[in-house]
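Notes follow the structure.
The values are calculated or read from the model by the stated rules, or taken from the named source; none is laboratory data. Being a predicted model, the structure only gives us computed values, none of them experimental. Heads up, the Cβs are rebuilt from the backbone with ideal geometry, glycines too, and the neighbour counts pull from every protein chain shown.
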Amino acid sequence: MKQSASEKAKESSTAQPAGVPSPLFGSCPLPIFEHKQIVLGHGSGGKLTADLIDKIFLPAFANPVLNKLDDQAVVQIDGARLAFTTDSFVVTPIFFPGGDIGKLAVNGTVNDLAMSGARPLYLAAAFILEEGLLAEELQRVVESMRDAAQQAGVQLVTGDTKVVNRGKGDKVFITTTGVGVIEGPIEISASLAQAGDKIIVSGYIGDHGIAIMSQRENLEFEGAIESDCAPLNSLVSAMLEVSRADGECPLHALRDPTRGGVATTLNEIAARSNVGMLLEEAAIPVRESVQGACELLGLDPLYVANEGKLVAVVAPESAEAVLARMREHELGKDASIIGEVVAEHSGMVRMKTLVGGTRILDVMFGEQLPRIC
Amino acid sequence: MKYLDEYRDGKLAARIVDEIRRVQTKPWVIMEVCGGQTHSIVKHGIDHLLPKGIELVHGPGCPVCVTPLEMIDKAHAIARRPDVIFCSFGDMLRVPGSDGDLFTIKSQGGDVRIVYSPLDCLKIARANPDKQVVFFAIGFETTAPANAMLVHAAKQQGVKNVSILVSHVLVPPAIAAILSSPENRVQAFLGPGHVCAVMGYSEYEPLSREFHVPIVITGFEPLDLLQGILMAVQQLESGRAEVENQYSRALGREGNRPAQELVFSVFEVGDRNWRGIGAIPGSGYRLRAEYADHDAERLFDVAQIATRESEVCISGDILKGNKKPHDCPAFGKECDPQHPLGATMVSAEGACAAYYAYGRHLERVEPKLTGITSAGAA
């Protein structure tokens, strides 16, 4: 398998003390970026996004914290370990079944923090508003953010607002930035998966992506599918309560499989940890309505976005206990062990299909496109 | 889920595989014609389940793949025009022409839209009376009725700013071309279920007789495909060559008569170029003269656009079943879905792209998996 961006970055940054620019910085000629212009696929979370990060962002900003390419940075300040992250939200339509752009903006950043095992504390929010946006719509978005922040137990403590000309934005774009604190000896990273670990998904996959698609213009697909948008920090803290007999953290890797879906997320973990993965298609929870929509559109639920789900890579001896604890939680009641980490086929995710064959789940290339027939 | 899980049942699959193994006495080469079947075979790993000696080769039935490069370039020339809203099925957007793809044109300001039904173009045309709305009408017989319905409805309802760029191809002439080729290896066909749901299968009977080849019209779910393979092997082993219908829950011998009538009222049979294969006489549809006002190729004067294909690419041999993706030195290296060199890499249903999407470029050779292929284990 091709070396991932993170692996390359990791190699180039080893033996570099924190704070010292890596040799990449300022010395490496920028790699050739093949696209003359940005296309939508560069924002898909798949290979094109990785290409953008690899060839444009990493060469410019590379440093040991960034180079880890986790969904959040973990930094140490005067002995305290802080998780720090930012995320922009540009979803259309801004209101959709199960949520809206405001709820998404709060939960997305809360979840990125939670995936490091951090307790999310504070958020900043920046709004880019398009001239002509109805004040009433903005009000609804803001109220939704307030409710989501309350539910997640975080405070929105600073922010910014800009207005752009009509046609230069799409109603409202929101960027949220968050900080949280990591308490205790918690070490969770996409690079810590080990052969034998169990892979758990916290519930039905693909709900968010299909809910959004069914609402988009030109797709007259009537479905009662709601986005799963939810804050995962309380689920994570419940999972962290399960300790191994030796006191070690049983959670090795945690990710919320947003853009690119479960398949892309597992590929990232497999590549970062230099392990293989073997999934059981029959064990992967997919709602009938989502499965049906995917069959109609020629999409694969494993590559469809989620906004209230996590995948956990857990030490085998603790997997059942973690699963049981998850199932007691509202957001984990449909959790399932979907496969395990293996030493073979490093960097590759394989799946036993329902019918008894096998297939490889690769990283998504760009946007998933509905097939012609 | 209902109507799906029963066609993906591991235990039943294992029983059909056992039956294939019991019936088979020698090696056979079977081609699945349709791109949807190829996709399903690779997605579910069905070829890994088959006994040694049953070789599946992947046919020319991916409409996106076989759309000739010059037609893609014509589409792009039209889509670049500021007075045009260019509408297409989703998977045509990433197909590269000589210079970029429709996504690139969109990023440069072209109004390119994905539609889920050709009839959506009527609504778009009514909402944008100052624009020309052009639909990229590609596909086999499966998509022909819906595409025909668009211009039929536009003409009836007097919506003048709708036209279609036609690149329609037909399955039976392609099967005839494959069987007539001196290098042909294919001994039986899994016929295209969805195409036959429209057209029926009577037109495959003369082919089966003339070339003495079994043709089993087959569906798209794993058990459909396995059963179709079993029926083909049974015919081959007993020396029969007939058209059989595995997909009887979806179609009968006559097909969908009203759909056929609509298609023939709008289209007539004409010659077509196939990407990777070349010209096949009588292998496609073109608009009838009555619909000339809705013919984008005529309206936008793109008829002179001509192109040349990569010389490295072996997609012609793959489409004819002579070679497989792993036989190509460029597969997964110079050629991937981001930089396809030819037909079979451009759409998810193309054999090379299906192999790539399901990670088979990560393996040097056709995988022979041990230990995890026992059907029904899931």
> From the residues in the stretch B:1-40 that are within 9 Å of another protein chain (Cβ to nearest Cβ) and of a type in the set (Lys, Arg), which one is nearest to residue B:61 (Cα to Cα)?
Replying inline: B:8
>> Quick test of your reading of the structure: residue B:266 fulfils all but one of (1) exposed (fewer than 15 other Cβ atoms within 10 Å of the Cβ); (2) more than 20 Å from the chain's Cα centre (by Cα). Name the failing condition by number.
In response: (1)
> Looking at (1) of a type in the set (A, V, I, L, M, F, W, C); (2) touching a helix residue (DSSP H, G or I) at 6+ places or on another chain (Cβ under 7 Å); (3) surrounded by fewer than 23 Cβ atoms within 10 Å (Cβ to Cβ), which is the only condition residue B:14 fails?
Replying inline: (2)
> Can you find even one residue in the stretch A:338-345 that is at pLDDT 90 or above, surrounded by fewer than 20 Cβ atoms within 10 Å (Cβ to Cβ) and of a type in the set (Val, Ile, Thr)?
Replying inline: yes
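Per-residue answers, yes or no, for (1) of a type in the set (A, V, I, L, M, F, W, C); (2) within 18 Å of residue B:38 (Cα to Cα):
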site	(1), (2)
B:271	no, no
B:282	no, no
B:285	no, no
B:347	no, yes
B:354	yes, yes
> Quick check: anything in the stretch B:71-89 touching an Asp or Glu at 6+ places or on another chain (Cβ under 8 Å), closer than 30 Å to residue A:282 by Cα and of a type in the set (Val, Ile, Thr)?
Replying inline: no
>> If I go through the stretch A:193-207 residue by residue, how many of them are more than 21 Å from residue A:344 (Cβ to Cβ) and assigned to a loop (DSSP other than H, G, I, E, B)?
In response: 5
> Hey, does the stretch A:356-371 have a residue that's at pLDDT 95 or above and at the interface with chain B (Cβ under 8 Å from one of its Cβ atoms)?
Replying inline: no
> Out of the stretch B:318-329, which residues are surrounded by 18 or more Cβ atoms within 10 Å (Cβ to Cβ) and without any contact (Cβ under 8 Å) to a residue 60 or more places away in the chain?
Replying inline: B:323, B:325, B:328
> So which residues in the stretch A:155-192 are closer than 22 Å to residue A:82 by Cβ and part of a loop (DSSP other than H, G, I, E, B), if there are any at all?
Replying inline: A:183, A:184, A:185, A:186, A:187, A:188, A:189, A:190, A:191, A:192
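Residues being outside any helix (DSSP H, G or I), among the small types (Gly, Ala, Ser) and surrounded by fewer than 24 Cβ atoms within 10 Å (Cβ to Cβ): count how many of those fall in the stretch A:101-154. Let's see the steps before the verdict.
Restricting attention to the stretch A:101-154, the residues satisfying the condition of being outside any helix (DSSP H, G or I) are A:115-134, A:153-154.
Within this subset, residues satisfying the condition of being among the small types (Gly, Ala, Ser) are A:116-118, A:124-126, A:132, A:153.
Narrowing further to those that are surrounded by fewer than 24 Cβ atoms within 10 Å (Cβ to Cβ): A:124-126, A:132, A:153.
Within the stretch A:101-154, residues that are outside any helix (DSSP H, G or I), among the small types (Gly, Ala, Ser) and surrounded by fewer than 24 Cβ atoms within 10 Å (Cβ to Cβ) number 5.
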> What is the residue count in the stretch A:39-65 for residues that are under 20 Å from residue A:258 (Cα atoms), among the hydrophobic types (A, V, I, L, M, F, W, C) and either buried (at least 19 other Cβ atoms within 10 Å of the Cβ) or in contact (Cβ under 8 Å) with a residue 40 or more places away in the chain (or both)?
Replying inline: 5
> Hey, which of the helices (runs of 4 or more DSSP H) in the stretch A:213-327, taking only ones fully inside, have at least 2 residues that are within 14 Å of chain B (Cβ to nearest Cβ)?
Replying inline: A:261-273, A:288-297
>> Considering only residues that are more than 23 Å from residue B:305 (Cα to Cα) and at the interface with another protein chain (Cβ under 7 Å from one of its Cβ atoms), which ones fall in the stretch B:115-142?
In response: B:115, B:116, B:120, B:142
> Counting just the residues of the stretch A:234-250 that are surrounded by fewer than 24 Cβ atoms within 10 Å (Cβ to Cβ) and in contact with a helix residue (DSSP H, G or I) (Cβ under 6 Å, 6 or more places away or on another chain), which one comes out farthest from residue A:111 (Cα to Cα)?
Replying inline: A:244
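If a residue must be within 27 Å of residue B:159 (Cα to Cα) and facing chain A (nearest Cβ under 8 Å), how many such residues does the stretch B:89-114 contain?
Quick first cut of the stretch B:89-114, residues within 27 Å of residue B:159 (Cα to Cα) only: B:89-93, B:102, B:105-106, B:109-114.
With facing chain A (nearest Cβ under 8 Å) added as a condition, the list becomes B:89-93, B:106, B:113-114.
Residues in the stretch B:89-114 being within 27 Å of residue B:159 (Cα to Cα) and facing chain A (nearest Cβ under 8 Å): 8 in total.
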> Quick one: how many residues across the stretch B:269-295 are of a type outside the set (Val, Ile, Thr), surrounded by 14 or more Cβ atoms within 10 Å (Cβ to Cβ) and under 30 Å from residue B:351 (Cα atoms)?
Replying inline: 11
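Taking into account only those residues within the stretch B:141-164 that are hydrophobic (A, V, I, L, M, F, W, C), closer than 27 Å to residue B:200 by Cβ and buried (at least 21 other Cβ atoms within 10 Å of the Cβ), which is farthest from the chain's Cα centre (by Cα)?
Keep residues of the stretch B:141-164 that are hydrophobic (A, V, I, L, M, F, W, C), which gives B:144, B:146, B:148-151, B:153-154, B:159, B:162, B:164.
The next check asks that each one be closer than 27 Å to residue B:200 by Cβ; those that pass are B:144, B:146, B:148-151, B:153, B:164.
Keeping just the survivors that are buried (at least 21 other Cβ atoms within 10 Å of the Cβ) gives B:144, B:148, B:150-151, B:164.
On the way: B:144: 13, B:148: 18, B:150: 21, B:151: 22, B:164: 19 Å.
For the stretch B:141-164, the residue satisfying everything is B:151.
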> For the stretch B:280-307, how many residues meet the condition of being touching a residue at least 12 places away in the same chain (Cβ under 8 Å) and among the basic types (Lys, Arg)?
Replying inline: 2
> Mind checking which residues of the stretch B:330-378 are surrounded by 14 or more Cβ atoms within 10 Å (Cβ to Cβ), among the basic types (Lys, Arg) and modelled with pLDDT of 75 or more?
Replying inline: none
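Return the only residue of B:96, B:68, B:129 being surrounded by fewer than 24 Cβ atoms within 10 Å (Cβ to Cβ), touching a residue at least 12 places away in the same chain (Cβ under 8 Å) and in contact with a His (Cβ under 9 Å, 6 or more places away or on another chain).
Values: B:68 fails: in contact with a His (Cβ under 9 Å, 6 or more places away or on another chain); B:129 fails: in contact with a His (Cβ under 9 Å, 6 or more places away or on another chain).
Exactly one residue qualifies, and that residue is B:96.
Got a sec? Which of A:123, A:52, A:113, A:40 is within 14 Å of another protein chain (Cβ to nearest Cβ) and modelled with pLDDT of 90 or more? Talk me through it step by step, then tell me what you get.
Working: A:123 fails: within 14 Å of another protein chain (Cβ to nearest Cβ); A:113 fails: within 14 Å of another protein chain (Cβ to nearest Cβ); A:40 fails: modelled with pLDDT of 90 or more.
Of the residues listed, the single one that is within 14 Å of another protein chain (Cβ to nearest Cβ) and modelled with pLDDT of 90 or more is A:52.
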> Which of the residues belonging to the stretch B:284-315 are farther than 17 Å from residue B:72 by Cβ and either of a type in the set (Phe, Trp, Tyr) or at pLDDT below 85 (or both)?
Replying inline: B:285, B:291, B:311, B:312
